[in-house]
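Quick note: the coordinates plus some simple rules give every number you see, no bench work behind them. Because the structure is a prediction, the values reported are computed rather than measured. Please note: Cβ atoms are built from the backbone with ideal geometry, for glycine as well, and neighbour counts cover all protein chains shown.
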Amino acid sequence: MREQLARYEQMQQNLQAVMIQKQQVDMELAETDKALEELKKAVDSEQIYKYAGNLLVKVSKEAMLKDLTEKKELAATRTLVLQKQEARFRESLKDIQTKIDQSMKQKTAANPE
């Protein structure tokens, strides 16, 4: 029983960590979408800069579009992976909860007051 409770607690922590990561990736994805939207509005002759550590570096619009598109694809993939992990953790939590409930019922049935 203690082992199941410990597993349940660990699984909850894992789920929480995945949900936090997913939230961060979602925010990154939203920022990238906004940057892409603004970049597409920019005239080709405008100067475009991107962060490189503590520096701003001048880049072409095409290069920045490529970078942001790749970043968006990577974030979308990470979101899918995190969604699958979240679903697995939720299913595992449900299974462990069922086992804990069954153990509690058996204990109660074996020791009636």
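Kindly indicate the residue of the stretch 85-113 that is of a type in the set (K, R) and surrounded by 12 or more Cβ atoms within 10 Å (Cβ to Cβ) and also farthest from Q12 (Cα to Cα) among those meeting that condition.
Filtering first and then ranking leaves K99.
Of everything in the stretch 43-78 that's assigned to a helix (DSSP H, G or I) and farther than 25 Å from K22 by Cα, which residue is nearest to the chain's Cα centre (by Cα)?
Going through the qualifying residues, I end up with A63.
Being outside any loop (DSSP other than H, G, I, E, B), hydrophobic (A, V, I, L, M, F, W, C) and loosely packed, with under 14 Cβ neighbours inside 10 Å is the filter here; which residues of the stretch 20-42 pass it?
I20, M27, A30
Report every pair of residues separated by at least 6 positions or lying on different chains whose Cβ atoms are under 8 Å apart, first residue within the stretch 85-98 and of a type in the set (G, A, S), second part of a helix (DSSP H, G or I) and buried (at least 16 other Cβ atoms within 10 Å of the Cβ).
Short answer, once both residue conditions are applied: S92/M11.
Between a residue in the stretch 63-84 that is closer than 17 Å to N14 by Cα and any residue that is not polar (S, T, N, Q), which pairs come within a Cβ distance under 6 Å, given they are 6 or more apart or on different chains?
R78/V25; T79/V25; L82/V18; L82/K22
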